[in-house]
Amino acid sequence: MITLYGSLHSRANRCAWMLKELNVDFHHEPTNFLDGSTHNPEFLQLNPNGRVPALTDDSLKLFESLAINLYLAKKFGGPLSPADMEEDALMTQWTLWAVTEIEKPLLLAAANNVLFDESSRSQDEFAIALQKLSRPWGVLDKHLSQHSHIVGNRFSVADLNVASVMTLVPIAAIDLSPWPALDKWLKVSLERPAASDWKHVSFRIPRPVSQLGMLAMFV
């Protein structure tokens, strides 16, 4: 039996989405950093970083949400998985691209649009984050204007992983209209029935009091 660890208000919802797409039975442990359970000795045996999600599959222990999804796609096969080594490389490429190009600046944009208290938001920081996002979003928008999906013209783990990183876009009400192909693709992806856990995610984060605190949060 597969066990997924992590509150579905965390990045664990990315893996729950994949498991539901695959129609795989799994046990869910809602481990949560808020109550300190991510630092219990038992959990640290699964992920010594003390973060969620983590997943166990018999003797295998995995952490990092998108790596977990790549593993699940290849284990269970079907249209979400790579059909050959070329697709495998492309799906891994776009997955890593989402983390390196989108995740951090999107968090900064979301923080200054919704997640910070209104009195502590910075429109300058929001503008900087959107400027950083405009290049990778332009890349993906151009790609999706020529293809229905990211890899192989079908919904795959590449679409799921990239879209799951971008759930902060609707949560933080960020306008994607300058990137219409991306906007359409993301809306369709996030409306898939298996993806619905992201819709229940609601949280706020306190703004660090110093510049060094901001640096620590976003680097």
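The values are calculated or read from the model by the stated rules, or taken from the named source; none is laboratory data. What you see is a predicted model; the values in this text were computed from it and never measured. A quick note on method: Cβ atoms are made from the backbone with ideal geometry, for glycine too, and the neighbour counts reach across all protein chains shown. In case anyone asks, the SASA skips ligands and DNA or RNA and just uses the protein heavy atoms, side chains included. Shrake-Rupley method; radii C 1.70, N 1.55, O 1.52, S 1.80 Å.
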Asserting the computed 222 nm helical MRE of the chain (DSSP H runs at least 4 long, -39500 (n - 2.57) per run, divided by residue count, to nearest 500) equals -14000 deg cm²/dmol
Taking only the alpha-carbon atoms of the range 49-130, the convex hull volume per residue, in cubic angstrom, is 133 Å³
accessible surface per residue for the chain, probe 1.4 Å, DNA/RNA/ligands not counted, whole Å² -> 52 Å²
Under a 1.4 Å probe, counting only protein heavy atoms, residue 199 has an accessible area in Å², nearest 10, of 100 Å²
For the chain, the dipole about the Cα centre with charges only on Cβ (Lys and Arg +1, Asp and Glu -1), to the nearest 20 debye, works out at 300 debye
With label points set 7 Å from each Cα along the Cα-to-Cβ direction at residue 173 and residue 44, the distance between them in nm comes to 4.2 nm
Sorting 140, 93, 161 by the position of each Cα along the dipole of the chain (Lys, Arg +1; Asp, Glu -1; all at Cβ), the one nearest the positive end of that ordering is 140
Placing each pseudo-label 7 Å from Cα in the direction of the beta carbon, residue 59 and residue 20 end up separated by a distance in nanometres of 3.3 nm
Counting all Cα-Cα pairs in the chain, those more than 30 Å apart amount in percent to 24 percent
In whole angstrom, the spacing between the Cα centers of the range 1-42 and the range 183-210 equals 16 Å
